[in-house]
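Down below is the structure, laid out as structure tokens.
The values are calculated or read from the model by the stated rules, or taken from the named source; none is laboratory data. Everything quoted here is computed from the prediction, not taken from an experiment. Using ideal geometry, Cβ is built from the backbone for each residue, glycine included, and neighbour counts are taken over all protein chains shown. We work out accessible area using only protein heavy atoms, side chains counted, and drop any ligands, DNA or RNA first. Shrake-Rupley method; radii C 1.70, N 1.55, O 1.52, S 1.80 Å.
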Amino acid sequence: MPVLNLSFAACGFVGIYHLGAVGAFLRHGAGLLGSLGACAGASAGALVAAVLVTAPDKTEDCKEFTYRFAEGVRNQTFGAVTPGYDFMLTLREGIEQILPRDAHRVASDRLHVSITHSGTGKNHMVSRFSCRDELVDVLLASSFVPVYAGLKPVQFKGQKWMDGGFSDSLPLLPVGRTITVSPFSGLQDVCPVHRGRYNTQLRLANMNIMFSRENLRRLNQALFPPKRSTLTSLCDEGFNDAVRFLQREALMS
């Protein structure tokens, strides 16, 4: 079987869909994980990819953190941009809590994180991490949306970086087949079924999604998280869509 890779799309708080998909891969995807070469992602997708590579036993902890994080943002008067609310500090604390001590060693050459240079807007893929702090910084850089998450871009190797979704929101790896996962209906391998009347597509930094009311709603929910029951439904949807993919590709175990 050829090398298979997984790539998770940038999608903010809607990234809990990815955690549902990962749950399906871990429970039913031995045929996929047994041939897995590497994982890639941007923004929330990079965070989930990092968990799958370094701490697959922490997916439930990630869900609970996402619920708490979303509720914390929802409780702010102006969401994440409320004066005094430190979005990036909350995210850093979550990452620090979940990633194991040797995460950087486990992740090197197996995790590919999309980040965007804040000056040139060019994309850069990072797959080598000299220490755990460097891995944490790269994941934070990939998740930094200017103004929304703060005013100072994340420093990495002496330069300033921001959300990888601005330049490559769904990275494709050069070796093997990259299986793409997205909470937006479109052309991805694992994604919701498009139920709109029209087949018009939008291209968002290398990711094609359908132009639909539901996708527009989810783009909004990426930055302005919905209530817990909606996030739970998104997680369940990710699980079911991943199972459907595994069945279609004869990778179900």
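Results, tabulated for the structure shown:
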read-out: Considering residues of the range 104-135 that are under 21 Å from residue 92 (Cβ atoms) and among the aliphatic types (A, V, I, L, M) only, the residue surrounded by the fewest Cβ atoms within 10 Å (Cβ to Cβ); value: 106
read-out: Selected residue (criterion: surrounded by the most Cβ atoms within 10 Å (Cβ to Cβ)) from residues of the range 146-181 that are in contact with a Leu (Cβ under 7 Å, 6 or more places away or on another chain) and under 28 Å from residue 85 (Cβ atoms); value: 169
read-out: Residue 90 being outside any loop (DSSP other than H, G, I, E, B), open to solvent by 10 Å² or more (accessible area, probe 1.4 Å) and under 15 Å from residue 225 (Cβ atoms); value: yes
read-out: Scan of the range 33-57 for residues that are part of a helix (DSSP H, G or I) and more than 15 Å from the chain's Cα centre (by Cα), ordered by number; value: 33, 57
read-out: Filter result (within 14 Å of the chain's Cα centre (by Cα) and open to solvent by 40 Å² or more (accessible area, probe 1.4 Å)) within the range 182-222; value: 219
read-out: Residue list for the range 223-248, restricted to those being of a type in the set (D, E, K, R) and open to solvent by 70 Å² or more (accessible area, probe 1.4 Å); value: 227, 228, 236, 244, 248
